[in-house]
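**Q** Provided herewith is a single structure, encoded as structure tokens, for subsequent inquiry.
The values are calculated or read from the model by the stated rules, or taken from the named source; none is laboratory data. As the structure is a computational prediction, the values presented were derived from the model and not from experiment. Positions of Cβ are backbone-derived with ideal geometry, glycine not excepted, and every protein chain shown enters the neighbour counts.
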Amino acid sequence: MTSTLKHLLISLLLIWQVNTILFSQSLDYIEGKVINSAAPGPVPFATIHLRDNQLGIYANADGDFKIIRNPEFLSDSVIITCIGFKRYSVAFKNLSDSIVNRIYLNPIIYSLGEVKVSSSARKLGSIAIIRRAIKNIPINYPVKPFNYISYYRDYQKDGSNYINLNEAIVQTVDYGFSSKSILNKYRLLDFRKNLEFPRVNITPYYETGVNENTDNTTKIIPEARLGDQYGNELFVLMVHDPVRNFNTRSFSFIETFSEDFLTNHNFAEPVPVYDNNLLLFKIIFNGKSRVIGNLFRISGAIYIQPRTYSIHKIEYSCSYLTKGKAGGDMFNIDIEYGHENSVDSLMCLKYISFNNYFKVGNTDDSSYFRVLRAYWETNQFLHPTLIVNFNNKIDPVSAARKDNYKIKVGKKVVKISSVSAIEKTLYIRTKDELTHMADSSWIDIQNVRDIDGNILNHKKIIELYQYRELFVQEYNKPITFKDTCYMKYQPLDKNCKSTYTGNEKYWMNTPAIVKIKK
């Protein structure tokens, strides 16, 4: 196991050259959930489109979506599509405004012999198709400057419960695929901490080390590192787009997409799928053992249009292996590009989602093993004795080791003769006659546990998933700004907002609050 793999780099800590719409929360929404009719479970990131009003949104990873309840939509139709599923259409007026609308999509399965494919594409294998698709990125995607408006959110998730939900409307100023993505700039048009969801005090920063045994309040991913972009979760998300960063290192094990993707993975034969009436090749892949070792499992799929060799979608998942079997997820990435609302009929981003598992010390934990009081007793014992009171009963074995303690009175290091623990009280007896008790005293205690095995000053560990999601709403819409500023390398709530003049409305597709049964 190499040290590089041991400290798996999920994303490169890029140095983004950035400098540093509003919505109405009084609006009502129609809520829906997109479900796979052939297998239990949601259809993630389905497209929900209003045919006449040209409003497009996306379901989230759980298949959930919301549409503004607007009287102008009553005569419109809602069209739900997703790659690999039959298109579904329903009249807006037939959607319920009192319950969650459950929409079932039927998968489409074809064999390669059942579909019409050009002879040149039919002769190519998966590796040749992907190689040509990567080569065609400068052709299929805009190389001239463009911009787009997106709904962005980040949150943590504990099971089905959303925690610390932050939402924003963001304008991305992209200088085109002929330029490095680190040159892109971002304006924060609106931001809010959604207080309808629970908030837990969790730092936005990741620890660069992998030691899980220290009392660290930063987030730790076992066997991994994550460049945290100085707490800016949006910047973290945008690093994980291998299509936009095709000639820059993005994340393990794709690394630099144009150079390393093909050499780091094994590829299955292409399978035809449809996005509406558009034929795509779905190519499933996994990570090569020489690259991922015996700690991880890589799985995913890339979707390529065989006529233009444009990349429409990438699904990428990295999970831990436990004794050769798949363990918990480490990270998951979903990205889709398309021609909808695109620039000059070229491929443009539709959405990107990135989530990763992490551990962090619970800063709100008030029950952790800790010292309540420490004082000197000079009259009751033959030699001065330091008495330390704890909140829990002390483990006498770990407490008895004298090398777990270092005591100073003033500048003098105090010699310890014996240590004993009774219930919640520790007695540290000294060898010295301390004549300067008025001087300041200092004690360092290490490796002492309570009777339940809790280490001193170590707070309970929380295990959560961190999500970051961006859903594009429109491209190249002219906006006149009243006040404008670009985002900086700091958390979104610390960034400045840009204000504009105009009537454009951008709304936040806030997830539904999970009702907890009591």
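**Q** Return the total of residues in the range 440-458 being surrounded by fewer than 17 Cβ atoms within 10 Å (Cβ to Cβ) and in contact with an Asp or Glu (Cβ under 6 Å, 6 or more places away or on another chain).
**A** 2
**Q** Among the residues that make up the range 148-159, is at least one of them surrounded by 20 or more Cβ atoms within 10 Å (Cβ to Cβ) and more than 18 Å from the chain's Cα centre (by Cα)?
**A** yes
**Q** Is it true that some residue in the range 27-46 is buried (at least 16 other Cβ atoms within 10 Å of the Cβ), at pLDDT below 85 and part of a loop (DSSP other than H, G, I, E, B)?
**A** There is no residue in the range 27-46 that is buried (at least 16 other Cβ atoms within 10 Å of the Cβ), at pLDDT below 85 and part of a loop (DSSP other than H, G, I, E, B).
**Q** Out of all the residues in the range 371-384, is one or more more than 30 Å from GLN466 (Cβ to Cβ) and surrounded by 18 or more Cβ atoms within 10 Å (Cβ to Cβ)?
**A** For the range 371-384, residues more than 30 Å from GLN466 (Cβ to Cβ) and surrounded by 18 or more Cβ atoms within 10 Å (Cβ to Cβ): present.
**Q** Continuing with the same structure: Identify, please: which residue in the range 362-418 is under 28 Å from VAL200 (Cα atoms), modelled with pLDDT of 90 or more and in a loop (DSSP other than H, G, I, E, B) and is, among those, nearest to the chain's Cα centre (by Cα)?
**A** Among those that are under 28 Å from VAL200 (Cα atoms), modelled with pLDDT of 90 or more and in a loop (DSSP other than H, G, I, E, B), it is PHE369.
**Q** Just to be sure, is ILE407 farther than 13 Å from LEU456 by Cβ, surrounded by 15 or more Cβ atoms within 10 Å (Cβ to Cβ) and touching an Asp or Glu at 6+ places or on another chain (Cβ under 9 Å)?
**A** Judged against the criteria, ILE407 is a match.
**Q** Just give me the residues in the range 287-308 being over 23 Å from ASN136 (Cα atoms) and in contact with a strand residue (DSSP E or B) (Cβ under 7 Å, 6 or more places away or on another chain), in sequence order.
**A** If the condition is that a residue be over 23 Å from ASN136 (Cα atoms) and in contact with a strand residue (DSSP E or B) (Cβ under 7 Å, 6 or more places away or on another chain), then GLY287, LYS288, ILE292, ASN294, LEU295, PHE296, ARG297, ILE298, SER299 are the ones that fit.
**Q** So how many residues does the range 440-450 have that are touching a helix residue (DSSP H, G or I) at 6+ places or on another chain (Cβ under 8 Å) and outside any loop (DSSP other than H, G, I, E, B)?
**A** Count: 2.
**Q** Kindly indicate whether any position in the range 287-294 is within 20 Å of the chain's Cα centre (by Cα), assigned to a helix (DSSP H, G or I) and β-branched (Val, Ile, Thr).
**A** Looking through the range 287-294, none of the residues is within 20 Å of the chain's Cα centre (by Cα), assigned to a helix (DSSP H, G or I) and β-branched (Val, Ile, Thr).
**Q** Quick check: is even one residue across the range 495-518 over 27 Å from GLY56 (Cα atoms), out of contact with any strand residue (DSSP E or B) (no Cβ under 8 Å at 6 or more places or on another chain) and modelled with pLDDT of 90 or more?
**A** No: the range 495-518 contains no residue that is over 27 Å from GLY56 (Cα atoms), out of contact with any strand residue (DSSP E or B) (no Cβ under 8 Å at 6 or more places or on another chain) and modelled with pLDDT of 90 or more.
**Q** Further, regarding this structure: With the condition kept exactly as written, say whether any residue in the range 288-305 is of a type in the set (D, E, K, R) and in contact with a helix residue (DSSP H, G or I) (Cβ under 7 Å, 6 or more places away or on another chain).
**A** Yes, the range 288-305 contains a residue that is of a type in the set (D, E, K, R) and in contact with a helix residue (DSSP H, G or I) (Cβ under 7 Å, 6 or more places away or on another chain).
**Q** Are there any pairs, at least 6 apart or on different chains, whose C-beta atoms fall under 7 Å, with the first in the range 187-202 and within 20 Å of THR218 (Cα to Cα) and the second buried (at least 19 other Cβ atoms within 10 Å of the Cβ), and if so, which?
**A** ARG199/ASN164; VAL200/ASN164; ILE202/GLN156; ILE202/ASN164; ILE202/VAL360
**Q** Still on this structure, I have one more. Of all residues in the range 451-474, count the ones that are in a strand (DSSP E or B) and modelled with pLDDT of 90 or more.
**A** Here the count works out to 9.
**Q** While we're looking at this one, here's another question. Search the range 224-266 for residues being charged (D, E, K, R) and in a helix (DSSP H, G or I), and hand back the single one that is surrounded by the most Cβ atoms within 10 Å (Cβ to Cβ).
**A** GLU233
Let's see how each residue does on (1) touching an Asp or Glu at 6+ places or on another chain (Cβ under 8 Å); (2) modelled with pLDDT under 95; (3) part of a helix (DSSP H, G or I):
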| site | (1), (2), (3) |
| --- | --- |
| LYS66 | yes, yes, no |
| GLU72 | no, yes, yes |
| SER75 | yes, yes, no |
| SER98 | no, yes, no |
| ILE134 | no, no, yes |
| ILE149 | yes, yes, no |
| TYR162 | no, yes, no |
| ALA168 | yes, no, no |
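**Q** Let me ask you something else. Take the range 475-491 and flag every residue that is of a type in the set (A, V, I, L, M, F, W, C) and at pLDDT 95 or above.
**A** CYS485, MET487
**Q** Would you please name the residue that is modelled with the lowest pLDDT, looking only at residues in the range 319-357 that are hydroxyl-bearing (Ser, Thr, Tyr) and not in a strand (DSSP E or B)?
**A** SER342
**Q** Here's something else I'd like to know. Are any of the residues in the range 394-401 on the phi > 0 side of the Ramachandran plot and of a type outside the set (Gly, Ala, Ser)?
**A** No, because not a single residue in the range 394-401 is on the phi > 0 side of the Ramachandran plot and of a type outside the set (Gly, Ala, Ser).
**Q** While we're on this one: Do we have GLU474 as charged (D, E, K, R) and under 30 Å from ASP344 (Cβ atoms) here?
**A** For GLU474, the condition - charged (D, E, K, R) and under 30 Å from ASP344 (Cβ atoms) - is met.
**Q** So which of LYS415, LYS393 is out of contact with any helix residue (DSSP H, G or I) (no Cβ under 6 Å at 6 or more places or on another chain), over 17 Å from GLY453 (Cα atoms) and basic (Lys, Arg)?
**A** On inspection, the qualifying residue turns out to be LYS415.
**Q** Also: Give the residue, chosen from ASN392, ASN404, that is closer than 26 Å to GLU433 by Cα and not acidic (Asp, Glu).
**A** Matching residue, one of ASN392, ASN404: ASN404.
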